[in-house]
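The values are calculated or read from the model by the stated rules, or taken from the named source; none is laboratory data. Source: prediction; values computed, not measured. Please note: Cβ atoms are built from the backbone with ideal geometry, for glycine as well, and neighbour counts cover all protein chains shown.
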Amino acid sequence: MRRLPTVLMLATLALGLPLLATARDGNIDKVNGSVHVEAGQQAGNVSSVNGALHIDDGATVQKASTVNGAVELGDKAQAGKLGTVNGSISLGSYSKVSGEVSTVNGSIHLGNGAEVGGKLDNVNGAIVLDGAHVAGGIATVAGDITVGANSHVEGGILVDKPNQGRFHWGSERTPVIVIGPHAVVQGTLEFRREVVLKVSDSAQIGPVKGATVVKFSGANP
């Protein structure tokens, strides 16, 4: 990822200069502002500090990352990797990310037909799959997880302890994990802290460690 020179970034933040954006070799860096990749367009590494990233329908980026901002990937858009600190991430219908999707403090939502080739990971915030596919597993510390109807997760699910050098936001509440109708979770579902695990009677899951399965019928628990 190419960044603005450190001195220039600090000067911009300290002096309140106009928003700066650079584009080199298809890469886009911005300070104090959002980045918009229009529908059908292509870009390299897209990044921002204090700004959201909007990747419109059918657009393609190599990597999208921001600090203090959301990342939105439109329908049928593609990316190599998505990440943010203090922001949500959403993937539109039939969008595709070949690598990891990660946020520290924010929710993650995958629309119908969305695909993630790597790991889906956050510390705090809800993770929701609506008929989506994740190939690299799901991990959280304090977030709820909903593997919605007809979704498919490979690599299992991990809910980690909040006291292993990670952030503690939301650690006092009990995460709720829901595996919906006809969903499939391959691999181990491992829970290193107390959770509520609700699994549809039509879902398929791997071995469970650290939690008791509560079965439910119908569309929702």
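Could you tell me whether the stretch 37-44 includes any residue that is crowded, with 17+ Cβ neighbours inside 10 Å, assigned to a loop (DSSP other than H, G, I, E, B) and touching a strand residue (DSSP E or B) at 6+ places or on another chain (Cβ under 6 Å)? No: the stretch 37-44 contains no residue that is crowded, with 17+ Cβ neighbours inside 10 Å, assigned to a loop (DSSP other than H, G, I, E, B) and touching a strand residue (DSSP E or B) at 6+ places or on another chain (Cβ under 6 Å). Considering each residue of the stretch 110-128, count those that are of a type outside the set (Val, Ile, Thr) and surrounded by 20 or more Cβ atoms within 10 Å (Cβ to Cβ), and give that number. Count: 7. Flag: VAL67 matches the condition of being surrounded by fewer than 19 Cβ atoms within 10 Å (Cβ to Cβ) and farther than 28 Å from VAL184 by Cβ. Do we have any residue at all in the stretch 206-215 that's in contact (Cβ under 8 Å) with a residue 24 or more places away in the chain, buried (at least 16 other Cβ atoms within 10 Å of the Cβ) and over 22 Å from VAL101 (Cβ atoms)? Yes; the residues of the stretch 206-215 include at least one that is in contact (Cβ under 8 Å) with a residue 24 or more places away in the chain, buried (at least 16 other Cβ atoms within 10 Å of the Cβ) and over 22 Å from VAL101 (Cβ atoms).
Taken together, the criteria place LYS119 among residues that are basic (Lys, Arg), under 30 Å from GLN41 (Cα atoms) and in the same structural domain as ALA219 (by TED's automatic domain parsing).
Filtering the stretch 149-166 to residues that are surrounded by 22 or more Cβ atoms within 10 Å (Cβ to Cβ) and part of a loop (DSSP other than H, G, I, E, B) leaves only SER151.
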